[in-house]
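Here is the structure we will look at, set down as structure tokens.
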Amino acid sequence: MRKVALEHDKNTCQFCGHVAKRNMNVHHLNKTGENSAENLINCCVARHAVMRVGRNLSVATIEVWESEMSQVEIFETAREGVKNGKTLKAINTAFHLKKGSYDPGSIGYANSLVATIGGNPRTN
């Protein structure tokens, strides 16, 4: 079913439009867990990390910082930096990161982060 879902959305993240033949996640549109093409969308790794922020925070696979840039700008800047051969350390320097106003484990933080990812996934 994963292959069908990837082909359905043409390996394109339904949130930001990023196209990748590898490392694209498949995300459920609703919480039923139904694995049909209609309920699965393509979601890039960066967006999927944000969508799953609660789980990622609980297992310490995501760092939490505040930036003047939107989450979308951060994704795009990071991707461009990687394409241009920059290290993650060099890319992160451009973001002028600082500790955020919410405790990283708080629901307020999770809600504010998800609100910054923009876009709506397909609904068909």
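The values are calculated or read from the model by the stated rules, or taken from the named source; none is laboratory data. Note that the structure is a prediction, hence the values are computed from the model and not measured. Using ideal geometry, Cβ is built from the backbone for each residue, glycine included, and neighbour counts are taken over all protein chains shown.
Here are the numbers:
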read-out: Test: residue in the stretch 63-73 that is part of a helix (DSSP H, G or I), at pLDDT 75 or above and over 22 Å from D9 (Cα atoms); value: yes
read-out: Any hit, the stretch 92-100, residues being at pLDDT below 80 and of a type in the set (K, R); value: yes
read-out: Failed item in (1) surrounded by fewer than 19 Cβ atoms within 10 Å (Cβ to Cβ); (2) within 20 Å of T77 (Cα to Cα), with R47 passing the rest; value: (1)
read-out: The stretch 9-53, residues that are within 21 Å of S112 (Cβ to Cβ), assigned to a loop (DSSP other than H, G, I, E, B) and of a type in the set (D, E, K, R); value: R52
